[in-house]
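The block underneath contains the structure these notes are about, expressed in structure tokens.
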Amino acid sequence: MKRFVFLIALIFAASFAHAIDPLPFKDRAEEVRFQNLTRVLRCLVCQNQNLADSEAELAVELRRQVFTMMQSGKSDAEIKQYLVARYNDFVLYDPPVKAGTLLLWFLPGVLVLIGAGVVFNILRKKSRQPVTAADPEEDW
Amino acid sequence: MTRLIPLLVFIALVGLLAFGIEWNKHHEMFEVPSPLIAKPAPQFTLPLLYEPDKKLGRNDLLGEPYILNVFGSWCPTCQDEHPILTRAVKPLGIKLIGLDWRDAPADGKRWLAQFGNPYDAVLTDPDGHAGIDFGVYMAPESFLIDAQGVVRYKRIGMFTPELIQSELMPQLKTLGQPVTAK
């Protein structure tokens with residue numbers, strides 16, 4: 001039994017040891033920073049995945065590049081700028097607000113406001129109508 | 001009038017969807033427009049595939065326009081594009097530089113030996129950094145770079161005879177003229 005538990009523990013240890021391309025982080029804070037940064041960068045190959053999750057070879061390479069730049073003391077903004085200069089704002093999951101992205105940023109809000117206006121109007125009209133006894137025949 | 005609102009909303013929605021369909025006919029969803037267009041090509045100095053002791057860089061290539069075609073022996077679409085490069089791009093008379101990207105030089109050589117070498121020079125970029133500087137993410141990709149070293153045009157994916165007619169040829173005609181930023 002003991003041996004069995006040990007074996008299971010070994011298997012689990014192995015699975016952790018072979019997690020995706022382990023990078024030599026110097027401490028937990030650096031690792032967290034790396035995770036947070038690669039999570040807001042888009043993988044160019046599988047475009048609906050972020051850089052942190054993607055297993056595409058180019059993503060592995062770009063993760064390594066991000067790590068190398070972090071090691072050489074580059075700020076998050078500088079690293080993002082490096083990638084944007086090569087791959088456009090498209091690499092950012094959080095693109096900057098500018099003329100080309102105005103619709104992207106504000107259209108959803110505008111649509112919600114329009115929807116809220118419509119709902120508000122309907123409710124106001126309904127509340128003005130006299131309350132009538134519910135018709136038992138009416139099909140809700 | 002208020003009765004018409006749902007109809008108008010419906011028509012607007014249909015319009016939006018129709019626009020989406022029409023847009024996708026002319027645009028590839030995966031294509032990320034390159035920020036390099038009308039800007040100087042990134043610096044690179046890379047070993048030649050067939051003479052690894054010699055290097056060729058951006059500055060060596062100034063003075064004559066060229067197409068930088070990114071390929072790799074691991075890339076099936078490059079294989080599809082290969083005969084088109086040989087038959088349709090090479091005859092245009094423009095210098096054609098190959099970039100064997102993220103590929104072992106031995107594999108690149110074997111690939112070119114098998115299919116033929118349409119390139120005037122082949123550079124190797126085994127670790128892929130030069131390709132990343134060019135914003136390459138999906139081989140094959142091609143860059144048209146003018147005599148001043150400015151990127152004029154980028155094609156993501158393979159060239160087809162139609163694209164050579166509709167996109168590459170007009171770009172080649174404008175090579176003598178100053179760059180117009182898009």
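Pairing residues of region B:51-66 that are under 26 Å from B:LYS173 (Cβ atoms) with residues that are surrounded by fewer than 17 Cβ atoms within 10 Å (Cβ to Cβ) and among the charged types (D, E, K, R), at Cβ distances under 6 Å and at least 6 apart in sequence or on separate chains, gives B:GLU64/B:LYS95; B:TYR66/B:LYS95.
Selection of region B:1-53 for residues being among the acidic types (Asp, Glu) and farther than 30 Å from B:PRO65 by Cβ yields only B:GLU22. The residues in region A:30-52 that are outside any loop (DSSP other than H, G, I, E, B) and either more than 10 Å from the chain's Cα centre (by Cα) or within 14 Å of another protein chain (Cβ to nearest Cβ) (or both) can be counted, and the count is 9. I'd like to check which strands (runs of 3 or more DSSP E) are fully inside region B:3-99 and have at least 3 residues that are over 17 Å from the mean Cα position of the chain (by Cα). Of the strands (runs of 3 or more DSSP E) lying wholly inside region B:3-99, those with at least 3 residues that are over 17 Å from the mean Cα position of the chain (by Cα) span B:45-47, B:55-57.
For region A:53-68, filtering for residues that are within 9 Å of another protein chain (Cβ to nearest Cβ), of a type outside the set (A, V, I, L, M) and closer than 18 Å to A:ALA85 by Cβ leaves 2.
Of the residues that make up region A:91-100, is at least one part of a helix (DSSP H, G or I) and either at pLDDT 85 or above or surrounded by 15 or more Cβ atoms within 10 Å (Cβ to Cβ) (or both)? For region A:91-100, residues part of a helix (DSSP H, G or I) and either at pLDDT 85 or above or surrounded by 15 or more Cβ atoms within 10 Å (Cβ to Cβ) (or both): present.
Which residue is surrounded by the most Cβ atoms within 10 Å (Cβ to Cβ), if the candidates are limited to region B:74-115 and must be within 14 Å of another protein chain (Cβ to nearest Cβ) and closer than 17 Å to B:PHE159 by Cα? Result: B:CYS75. If you go through region B:126-182 and keep only what is in a loop (DSSP other than H, G, I, E, B), loosely packed, with under 15 Cβ neighbours inside 10 Å and without any contact (Cβ under 8 Å) to a residue 60 or more places away in the chain, you end up with B:ASP127, B:THR174, B:GLY176, B:GLN177, B:PRO178.
Number of residues in region B:8-45 that are of a type in the set (S, T, N, Q), surrounded by 14 or more Cβ atoms within 10 Å (Cβ to Cβ) and farther than 22 Å from B:ARG58 by Cα equals 0.
The values are calculated or read from the model by the stated rules, or taken from the named source; none is laboratory data. Because the structure is predicted, anything quoted here is derived from the model rather than measured. Counting neighbours? That spans all protein chains shown, and the Cβs are built from the backbone with ideal geometry, glycine included.
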